[in-house]
1. As an exercise: evaluate GLY144 against (1) closer than 24 Å to LEU252 by Cα; (2) in contact with a Pro (Cβ under 7 Å, 6 or more places away or on another chain) and give the number of the one condition it does not meet.
2. Quick test of your reading of the structure: VAL122 fulfils all but one of (1) in contact with a Ser or Thr (Cβ under 7 Å, 6 or more places away or on another chain); (2) surrounded by 14 or more Cβ atoms within 10 Å (Cβ to Cβ); (3) of a type in the set (A, V, I, L, M, F, W, C). Name the failing condition by number.
3. Quick one: is ALA233 surrounded by 18 or more Cβ atoms within 10 Å (Cβ to Cβ), within 20 Å of VAL283 (Cβ to Cβ), at pLDDT below 75 and not acidic (Asp, Glu)?
4. For the structure I just gave you, tell me whether GLY36 is surrounded by 15 or more Cβ atoms within 10 Å (Cβ to Cβ) and modelled with pLDDT of 75 or more.
5. Could you list, in sequence order, the residues of the stretch 139-175 that are crowded, with 16+ Cβ neighbours inside 10 Å and in a loop (DSSP other than H, G, I, E, B)?
6. Kindly evaluate LEU207 against the criterion of being surrounded by 20 or more Cβ atoms within 10 Å (Cβ to Cβ), assigned by TED's automatic domain parsing to the domain that holds TYR150, modelled with pLDDT under 90 and of a type in the set (A, V, I, L, M).
7. Anything in the stretch 241-281 that is loosely packed, with under 13 Cβ neighbours inside 10 Å and modelled with pLDDT under 75? List them, or say none.
8. Run SER200 past the list (1) out of contact with any Cys (no Cβ under 8 Å at 6 or more places or on another chain); (2) without any contact (Cβ under 8 Å) to a residue 60 or more places away in the chain and report the number of the one that doesn't hold.
Amino acid sequence: MRSFPAHIHYANIPPHVQCFIAHGSNDEDVSVENLGILSNILMSQVGRPAGSVVTQIYEKADHNLSHGAMDKFMDQVRSWLKKSEPPVLLSESIPIKNALNGKRGAFIVVEGLDRSGKSTQVARLVETLEARHVKFPERTTSIGMMINSYLTNRCDINDQAVHLLFSANRWEMLSSILQTLQRGQHVVCDRYAFSGMAYSHAKGLDLSWCISPDVGMPLPDITLFLDLDETTATKRAAYGEERYEKKAFQSLVREAFQNIALLMERSGARWERIDASGSPDEVWQAVHTRVQNAIADAQTSEHLRSLHFCFAALGMGMLHQIKTTATF
């Protein structure tokens, strides 16, 4: 941290970065009043999670925290960080058991940018595994028809309302998905909650808010993220037919997916990045291998984990800050 006062510098610290502020009581350079000002600057930031700013005064320590104060400071920082790093996606159990043979179906999700080849790989998975195909948004329901009107530019809806519609669309399909898995049939989803989070986050909405409506939804046994840069995606057939298919916006979506991948990996969830720039057959080889491994693991388990969000973990400084937003 720079010497105080440096109000502009501290005000620009991103709200997802946690701050532990130390002050020595014998500090002749920085007064305790300035310590309070600094804390207030940080805590007033929009989107800063509660508990992400901590202040500590060390008695008889100087500006450099000498005479053992620095060691005490570092020990307390390590302890604080350890306590504040619970998983973002916590393990709440959703029981799923096939009464006939005990082997449930695997829940497989394919994610990626628009025109990244998801539909091709999903179709091959569905055929190979004799799986049920679920595509989000499911546009045949009443909620899905509203979403379809929005995506095809036939109506305008504000970003928050659209996000909640997408989430509601997933919730209305949940019961039938779980029933399919319980019968022992695999389910392959073309997009899931992570797309909803990424696309809304790319519009500038707070990631914690974007996650919240899907808390309680099951986590997939495996999520395959088909990674393709937005420039390559624009060259593929039919690009640009729908609202979100714009190169600049897809770049923001890709960045948002990187944030979500970090959260997934930190939670211990199975998130597999697949290079989607190769031929369909090359991509398929990578997809098929990873899915087979996930199925083997799923069939030894009688439950799915559910999505549960913990605010504290967003303050760990792991996320990329999306500074640009898009409007439509």
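The values are calculated or read from the model by the stated rules, or taken from the named source; none is laboratory data. Everything numeric here is computed off the predicted structure, so don't read it as measured data. Cβ placement follows ideal geometry from the backbone for every residue including glycine, while neighbour counts extend to all protein chains displayed.
1. Failing condition for GLY144: (1).
2. Status for VAL122: all satisfied but (1).
3. On the way: surrounded by 18 or more Cβ atoms within 10 Å (Cβ to Cβ): yes; within 20 Å of VAL283 (Cβ to Cβ): yes; at pLDDT below 75: yes; not acidic (Asp, Glu): yes.
When the stated conditions are applied, ALA233 passes them.
4. Details: surrounded by 15 or more Cβ atoms within 10 Å (Cβ to Cβ): no; modelled with pLDDT of 75 or more: yes.
Taking the combined requirement at face value, the residue does not satisfy it.
5. The one that is crowded, with 16+ Cβ neighbours inside 10 Å and in a loop (DSSP other than H, G, I, E, B): ARG139.
6. Details: surrounded by 20 or more Cβ atoms within 10 Å (Cβ to Cβ): yes; assigned by TED's automatic domain parsing to the domain that holds TYR150: yes; modelled with pLDDT under 90: yes; of a type in the set (A, V, I, L, M): yes.
Yes: the conditions hold for LEU207.
7. GLU241
8. That leaves (1) as the condition not met.
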